[in-house]
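One structure is given here, and the rest of the page talks about it.
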């Protein structure tokens, strides 16, 4: 990513995680089927990757798509989850927890493709980015809510709105900078759309109004983490192209799901 994308990605992650901390309830929520949904969210697209490998998709493109699947939940998914009225504590716990689970999966992919030396060199960097971009802002937000609860409650709503704007801006910037490269790679977009469809299938039947559309969290992966690891892989340009191709249907499906969910949520009120 270039400097603008780096800064916007980090800034949006800070706003999302800090806002989640301020909006999170004191009590933990029940998983409500998320363990099974998360497992299916890795298993089904994993089978899809095997099918794509059998169909002869280029190795760098397969690796880029695999990094997207293994990357865990992204903070942009948490922001969309909150825009749909989802639980803030559930979102933060799933984003941080899935990032910790994703780390060995992603580093294993890098080790297989680029050798153990690359894995060791990246370990500290990936951990530091995860700490600074997700864990630290959430911990600071919870600390503010504990020691200055009135200030935290006043900041919660505006910060959440800013986080939503930052995430949409990040999506728009990625689209503006990368979509022209995908014009000549229709087969890659089809392959990525297949994997996104499998992610959606993994969460069918689990969308409930009180959950705030948890499909958005399962669907939106941590593409920033995938891009970070792509830099050290062979043919990084092609790996990044595959990550971008995954992001197009992923964000399109997530935004469409958010719009449909909010429309459905308004129906009883309007009627």
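The values are calculated or read from the model by the stated rules, or taken from the named source; none is laboratory data. Because the structure is a prediction, the values reported are computed rather than measured. Quick reminder, even Gly has a Cβ in these numbers, built from the backbone with ideal geometry, and neighbours come from all protein chains shown.
Give 112, 95 a once-over and let me know the one that is at pLDDT 70 or above and either outside any helix (DSSP H, G or I) or under 15 Å from the mean Cα position of the chain (by Cα) (or both). Steps first, answer last, please.
Details: 112 fails: either outside any helix (DSSP H, G or I) or under 15 Å from the mean Cα position of the chain (by Cα) (or both).
Every option except 95 fails the conditions.
Is one or more of the residues making up the range 177-187 surrounded by 12 or more Cβ atoms within 10 Å (Cβ to Cβ) and free of Cβ contacts under 8 Å to residues at least 24 places away in the same chain?
Looking through the range 177-187, none of the residues is surrounded by 12 or more Cβ atoms within 10 Å (Cβ to Cβ) and free of Cβ contacts under 8 Å to residues at least 24 places away in the same chain.
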